[in-house]
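Remarks on the structure that follows.
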């Protein structure tokens, strides 16, 4: 018996979905935890406003090129969808255009795969011009090779499709329009990258130190940014609560200011179209002097989430960056979970973003990490110009007068110290 149709706030029929996962030998060899992946798909669907009715899992040696899960399983899905009143089927893996078309025709359902679902969530979350451009580029890059298989889903492109030329199919017109739009978006992205490069150069020139928050989605990065800097950022217990990167000034205990940047959360099987489109944003991590890897210490899949983040950091070329791992949400951990965590040391901190004492410990640790050690300089008393450089390089801990010289003990700051060190190399003791 069909359930009553529900509608969202815009008056449109709310997606009611059956979630489908295919487990093949290739997937098993990859080491992906398929049960957790399906749980994550449920969270993604709910984040996108989908009512999840049930899940189906199919085990096969290989995927069916025509039906993906096999004709028999498709018939089972059709019965389940009809009984529950589903209007959508969401697959945990990426589908080809032909598979989408075949499944749509057979099931009379809207067919969405994991990549498309994540892209839709990103489209909802993007607020800045840069974020909107990047999401649209990723969506169109995903759609173009699947255009022939989109069927009724093609209407989701909206208006603006170019007029049909003489003897030219509507499909080819669509392709031409999308290719043109992709070229325009890439041009706009190139302008964004140019602007971002100039910003980086200015930061380096001024000696500004940048720290990047990275981590699995919903690990608490935005909460940590807000608690540390009192930033007005959106915080919600859902996947991809924030999309656009946010940078705020953070004052360390010694009075020094650094720039703390929150980045988009990572996720298992993050669509490569998104990684490509957001590369300009994610490359902020490459420019950071220090990476704070925020981990949800209460997650049952903690180890897998850490591996996903580390792998993506490697792909972005930021694998060798100095890193502190922040195990967040200790207040949500069971005693057994706390016992399984690595011991707290210079590279691992266990905190709750809502405990001020933990935030104070983190700030002290940041100050230690961003200090380049203590160095003594002997400066001639007549060289006040050199003495002033020392105050730019770090914190002057002490100064002693010896005959006509002054001996300064300086706690160096990374960034500033590198910028001025060559001027004072001959005066170092």
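The values are calculated or read from the model by the stated rules, or taken from the named source; none is laboratory data. Note that the structure is a prediction, hence the values are computed from the model and not measured. Neighbour counts are summed over all protein chains in view; Cβ atoms, including those assigned to glycine, are modelled from backbone coordinates with ideal geometry.
Looking at segment 316-339, is at least one residue buried (at least 16 other Cβ atoms within 10 Å of the Cβ) and under 21 Å from residue 274 (Cβ atoms)?
So the first thing to find is which residues in segment 316-339 are buried (at least 16 other Cβ atoms within 10 Å of the Cβ), and the list is 316, 318, 321, 323-330, 333, 337.
Narrowing the set further to residues that are under 21 Å from residue 274 (Cβ atoms) leaves 316, 318.
Checked against the condition, which is being buried (at least 16 other Cβ atoms within 10 Å of the Cβ) and under 21 Å from residue 274 (Cβ atoms), segment 316-339 yields at least one hit.
With the structure loaded, tell me whether residue 410 is assigned to a strand (DSSP E or B) and in contact with a helix residue (DSSP H, G or I) (Cβ under 6 Å, 6 or more places away or on another chain) or whether it fails that test.
Details: assigned to a strand (DSSP E or B): yes; in contact with a helix residue (DSSP H, G or I) (Cβ under 6 Å, 6 or more places away or on another chain): yes.
In short, yes.
Residue 299: farther than 17 Å from residue 266 by Cβ and crowded, with 18+ Cβ neighbours inside 10 Å, yes or no? Write out each step before concluding.
Working: farther than 17 Å from residue 266 by Cβ: no; crowded, with 18+ Cβ neighbours inside 10 Å: yes.
Spelling it out, it is not the case that residue 299 is farther than 17 Å from residue 266 by Cβ and crowded, with 18+ Cβ neighbours inside 10 Å.
Being in a loop (DSSP other than H, G, I, E, B) and modelled with pLDDT of 75 or more is the filter here; which residues of segment 224-282 pass it?
Within segment 224-282, 230, 252, 253, 254, 255, 256, 263, 265, 267, 268 qualify.
Which count do you get for residues in segment 284-327 that are closer than 22 Å to residue 131 by Cα and out of contact with any helix residue (DSSP H, G or I) (no Cβ under 8 Å at 6 or more places or on another chain)?
Number of matching residues: 3.
Looking at this structure, is residue 402 in contact (Cβ under 8 Å) with a residue 24 or more places away in the chain and over 24 Å from residue 259 (Cα atoms)?
Values: in contact (Cβ under 8 Å) with a residue 24 or more places away in the chain: yes; over 24 Å from residue 259 (Cα atoms): yes.
The answer is yes for residue 402.
Return yes or no: is residue 376 touching a strand residue (DSSP E or B) at 6+ places or on another chain (Cβ under 9 Å), in contact (Cβ under 8 Å) with a residue 12 or more places away in the chain and surrounded by fewer than 18 Cβ atoms within 10 Å (Cβ to Cβ)? If you could, list the steps in order and put the result at the bottom.
Numbers: touching a strand residue (DSSP E or B) at 6+ places or on another chain (Cβ under 9 Å): yes; in contact (Cβ under 8 Å) with a residue 12 or more places away in the chain: yes; surrounded by fewer than 18 Cβ atoms within 10 Å (Cβ to Cβ): yes.
Criteria met by residue 376.
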